[in-house]
Amino acid sequence: MMNDAVIEVEELRRAYAGGFTAVDGVSFSVARGELFALLGTNGAGKTSTVELLEGLARPSGGTVRVLGHDPYTERRSVRPRMGVMLQEGGFPSDLTVAETVRMCAGCTSGARATQEALDLVGLTERSGVRVKQLSGGEKRRLDLALALLGRPEVLFLDEPTTGLDAEGRRDTWELVRELRDGGTTVLLTTHYLEEAESLADRLAIMHRGRIDVTGTPAEVTATRPARIRFVLPEDVPAGRLPLSLRAAADGRAVEIRTQRLQRDLSELLRWAEESNVELGALDARSASLEEAFLDIAARGAETVEAVETVDAR
Amino acid sequence: MSTVSTGETESPRSRETGVRTTTTGDRLKALGRAEFSLLVRNRTALFTALFVPLGMIVAIRESLGRIDLGDTGFSVIEASMTGGIGMVLVMAVYGSLTSAYTARREELVLKRLRTMEASDREILVGTALPAAGLAFVQSAVMIAAAVAFLDVRAPRQPVVLVGGLLIGLVLLSALAAVTSAFTRTVESAQITSMPLFMISVVGSGLFVPLEALPDRVASLCELLPVTGAMTLIRAGWLGGAEGNDLLGAALSALVWTILSVFAVQRWFRWEPRR
């Protein structure tokens, strides 16, 4: 199984000159043909991590292996087999779309024909247009076309759908799925939960330079509690709720977090029925990736506050 | 975008399928071609590269009219024309490449190219090719025109002339890359490239041949970056310096080139500062 890992990252660290540590001991591996998503808020360290995998910078610590090579020191061996979609930019603004593709094709072994590359992302009609006249979404698609030029074995996509409209996003997802089905290993970063949820075989949630949780989307959500929310009538104090429910009340609003949603919800409803209490705005939902994500982000925010309080003293 | 047939996205190529890998030639051609289109489309840069050196020849000629060139053995027009080649090197190569390297970095083009197969050196050379090639052709045209129409002597030592020109092109391209490492925006390139421009114009014999300067000043000026290349160009075209003087100039040009290439490796920035 280990031999099949296309990307292997161990205890990866990246500190910038100013002392800021953007990547702080990240480890994961991606198997051949797998689609792995790195999910996180802006500033979580996703792009800093991906740049190390792409061999654009030397890690401050830890190791990266892509297709068995160090992408920084053995750039020559890895480059022809990987495709990279940068987070933004990278086009001379006065070249046309076709000229940009031709420039990159000259630096890509076994490059697709310009026409074919533009067809893939639906930019054929824009081939004679200067890059500076493209919309943000069109630039993203050009970027994707360049990443796919050499039919890469490993594809790095840094926020591939940021700036795309709903249709463009669906088209890109469709294309990425087809590539994965064709055997391409894909690592993508995103801050869209639904993107990670619908595309990824496995994902990692990144926060403040660390990976908080890794697994399939189902595994990641399974670690999170389900949630029941409702509002009690004015004359019913939260203290009357059955103790076994472990409810947290904020005024009349009550929240119950539980790993056993069905059992706790049944108990709550039975109690309400028997006590003749009307539960307002009742809402019960199982854990979602969104909650896992927000949980992790919120935990980070608390840490910040704690640190700030300490500093203030 | 239309749905793609699976045929197009299927099966990533593996190493064994024997796809032709790109060569240095392919990559330089692709980069040079793109950069040439950009140069032609950048009207300001093109104008600066093509016509300003010509204007400078007139300016040099005017200022030389008031200086005694008696000892040097050059006529005013001869000194002006060799100064013009120096202007091409300093403005069309050094000036425009400082802007070009900075622009490509700010647009993240250099970063993108580094995700592909070109080596760092190829990226820098490919970017410099059009400006350097244009400067070479421009110099050749200036020499031919001066010999044909301005009664200037034909190159006395063509090998020295071409050698001086080539090392000048490499040196000033490398110096442009070094300068761009300390330049944040294309606009500020005008300012960051000014010191070397001024030093070269005044001290490397572009306006006034070093032979016309007092000895002590001249020997100091011989240490400046562009002086070696300029001495080779002037001697190659008009004659004069020989033997040890030529060797000294060649050595100085070589040392400056090696230093500049080393400085590029050490300090060049591939991405904008964050």
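The values are calculated or read from the model by the stated rules, or taken from the named source; none is laboratory data. Computed from a predicted structure; not experimentally measured. With ideal geometry, Cβ positions are generated from the backbone for all residues, glycine too; neighbour counts draw on all protein chains shown. In case anyone asks, the SASA skips ligands and DNA or RNA and just uses the protein heavy atoms, side chains included. Shrake-Rupley method; radii C 1.70, N 1.55, O 1.52, S 1.80 Å.
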Amide H partners (placed H, <5 Å) of A:Val6, local residues excluded:
A:Val30, A:Ala31, A:Arg32
At most 15 other C-beta atoms within 10 Å and a DSSP loop state: those are the exposed GluC sites (Glu not before Pro) I care about. Give me the longest piece of chain B that has none.
B:11-241
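If R₀ is 35 angstrom, what is the calculated FRET efficiency for the pair B:Ala145 and B:Arg216, using the beta carbon separation as r and rounding to 0.05?
The value I calculate is 0.45.
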Angle, helix B:227-238 long axis vs. longest principal axis of chain B, Cα atoms, 0 to 90°, nearest 10?
60 degrees
Taking GluC sites (Glu not before Pro) as exposed when DSSP calls them loop (any state but H, G, I, E, B) and at most 12 other Cβ atoms lie within 10 Å, what is the longest stretch of chain A free of them, the sites themselves excluded?
A:1-233
Of the accessible area of region A:225-286, with the probe set at 1.4 angstrom, what percent is carbon plus sulfur?
46 percent
Classify the protein assembly as shown from the C-alpha gyration tensor, please: rounded if a/c falls under 1.5, else prolate or oblate depending on whether a/b exceeds b/c.
prolate
Restricting to DSSP H runs of at least four residues, report the calculated mean residue ellipticity at 222 nm for chain A, -39500 (n - 2.57) per run over all residues, nearest 500 deg cm²/dmol.
-10500 deg cm²/dmol
Could you calculate the FRET efficiency of B:Arg20 with B:Arg121 from 1/(1 + (r/R0)^6), where r is the beta carbon distance between them and R0 is 22 Å, rounded to 0.05?
0.50
Decide, for chain A, between rounded, prolate and oblate: order the square roots of the alpha carbon gyration tensor eigenvalues as a ≥ b ≥ c, take rounded if a/c falls under 1.5, and otherwise choose prolate if a/b is larger than b/c, else oblate.
prolate
J(HN,Hα) series, region A:166-175, from Karplus relation 6.51 cos²θ - 1.76 cosθ + 1.60, nearest Hz, glycine and proline x:
4, 5, x, 5, 4, 4, 5, 4, 4, 5
Given a 1.4 angstrom probe, what's the average accessible area per residue across region A:47-114, in square angstrom?
31 Å²
Cα pairs beyond 23 Å in chain B, in percent, come to 55 percent
Return the value, in Å² to the nearest 100, of accessible area buried between chains B and A (probe 1.4 Å, both sides summed).
4200 Å²
The simple spin-label model distance between B:Phe47 and B:Gln190, using points 7 Å out along Cα→Cβ, in nm, is 1.2 nm
Give me log10 I(q)/I(0) at q = 0.24, 0.25, 0.28 Å⁻¹ for region B:80-121, Debye formula, one equal scatterer per alpha-carbon, no solvent.
-0.78, -0.81, -0.89
Once the Cβ-Cβ distance between A:Arg270 and A:Ala249 is put in as r, and R0 is 30 Å, what FRET efficiency do you end up with, to the nearest 0.05?
0.95
Shielding of A:82-94 by partners, i.e. mean partner chain Cβ atoms within 10 Å per residue?
5
